[in-house]
1. Kindly indicate which of 136, 154, 211 is hydroxyl-bearing (Ser, Thr, Tyr) and over 21 Å from the mean Cα position of the chain (by Cα).
2. Using beta carbons and a limit of 7 Å, which pairs, at least six apart or on different chains, have the first residue in segment 78-102 and of a type in the set (Phe, Trp, Tyr) and the second one open to solvent by less than 100 Å² (accessible area, probe 1.4 Å) and modelled with pLDDT of 95 or more?
3. Go through segment 171-184 residue by residue and tally those that are open to solvent by 10 Å² or more (accessible area, probe 1.4 Å) and within 10 Å of the ligand (Cβ to nearest atom).
4. For segment 272-282, how many residues are more than 12 Å from residue 250 (Cβ to Cβ) and in contact (Cβ under 8 Å) with a residue 12 or more places away in the chain?
5. Give me a count of the residues in segment 185-225 that are within 14 Å of the ligand (Cβ to nearest atom), touching a residue at least 40 places away in the same chain (Cβ under 8 Å) and in a loop (DSSP other than H, G, I, E, B).
6. Show me the helices (runs of 4 or more DSSP H) found entirely inside segment 39-152 where at least 1 residues are surrounded by 14 or more Cβ atoms within 10 Å (Cβ to Cβ) and away from the ligand (no atom under 16 Å from the Cβ).
7. So which residues in segment 263-315 are open to solvent by 50 Å² or more (accessible area, probe 1.4 Å), assigned to a loop (DSSP other than H, G, I, E, B) and hydrophobic (A, V, I, L, M, F, W, C)?
Amino acid sequence: MAESENDRAAKRPKTTDAMNDPGVAGVPSPDGPVSGFEITRILRECAREKNIFIHGKVKDQDAVVILEKTPIGQDTVSELLKSSELQLEMKNDVYSTYQLRAPAHLNEIKTTVICPATEKHVKKYLHQEVFLVEESGEDYRTVTLPYISSQSFSVQWVHNILEKKAEADRIVFEDPDPVTGFVLLPDFKWDQKQLQDLYLIAIVHRRDVKSLRDLTSEHLPLLTNIRSKGEDSIQRQYGVPPSKLRVYFHYQPSYYHLHVHFTSLEYSAPGCGVERAHLLSDVIQNLQADSSYYRSRSLAFPLRADDALLLKFREAGKL
Ligand code: DD3
């Protein structure tokens with residue numbers, strides 16, 4: 001019979017506070033932040049994406065927990081079929097369906113925890129109507145830039161990566177040059193169990209470039225360096241050639257420290273659509289043709305109805 005949460009709670013030592021014990025990567029963490037989680041409400045769920053976003057509390061702190069079933073990796077299929085129990089659901093002619101009971105290590109659920117979560121974190125996962133905004137170079141300087149400067153969008157986690165204070169063991173490649181260098185590592189969204197949803201990010205060392213909007217021909221050595229060394233590293237480490245990669249920026253980005261997304265071409269990553277993604281190779285060519293391309297061009301991007309930036313565009317009469 002399955003052990004109840006009470007049984008397990010009784011067995012584990014009571015010394016550690018759930019939130020002060022982040023656990024150690026790769027080691028089971030019975031006192032991790034999920035065990036004491038009290039559900040407040042479901043923020044969003046998607047049957048197709050097989051994920052659910054939950055708002056709740058751990059001790060007295062707000063938290064968001066994201067649970068997601070991951071793709072079945074080719075390399076685990078044979079073990080999955082061999083070592084699982086099958087329970088027949090129905091049979092009709094040549095057709096039959098089963099519930100397969102996989103061994104625990106082949107039946108993991110990717111779990112992301114944000115704790116303490118701010119109201120912004122919570123809101124981000126609520127389903128919202130979206131609107132397309134067209135931002136001219138002038139709009140950027142008068143509406144968007146003042147807004148992003150006034151907000152304390154924390155990029156602490158980015159600095160932690162660059163300074164090796166977090167995720168140092170996950171770095172796939174680093175070019176330490178302060179001007180053209182970057183760190184390449186798997187994005188949070190990828191659990192690295194299968195190549196189908198490969199997702200890495202290149203985070204630049206220099207801290208004076210917020211987004212695509214700041215790029216000029218001065219940055220071409222940085223961009224071509226990221227393209228060539230990023231693609232090389234992914235080819236070497238994962239055997240995925242450049243022709244199988246979608247390499248791009250987001251505009252607007254979700255954090256204002258320049259970074260490049262490397263995703264599997266087979267995987268429709270969230271945010272890879274034409275309304276938000278700008279291919280690195282297009283960006284390079286546009287800057288080669290016109291150094292002020294991204295300073296002066298209008299750029300369109302989607303904004304959620306509850307995004308404060310949308311309100312700024314409305315107030316400025318741009319929507
Ligand atoms: C983020 C955008 C940011 C929730 C979530 C993710 N890759 C990250 C911290 C460390 C990381 C990322 C914000 C935050 Cl789930 C709110 O992303 C990260 N580390 N995308 C990596 N490797």
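The values are calculated or read from the model by the stated rules, or taken from the named source; none is laboratory data. Keep in mind that this is a model prediction, so the values were computed, not measured. Cβ coordinates were reconstructed from backbone atoms using ideal geometry, including for glycine residues, and neighbour counts include every protein chain displayed. Accessible surface areas use protein heavy atoms only, side chains included; no ligands, DNA or RNA. Shrake-Rupley method; radii C 1.70, N 1.55, O 1.52, S 1.80 Å.
1. Residue meeting the stated conditions: 136.
2. 98/87; 98/88
3. Residues flagged as open to solvent by 10 Å² or more (accessible area, probe 1.4 Å) and within 10 Å of the ligand (Cβ to nearest atom) within segment 171-184 amount to 1.
4. Of the residues in that region, 1 qualify.
5. 7
6. So the answer is 74-83, 145-150.
7. Correct list: 265, 274.
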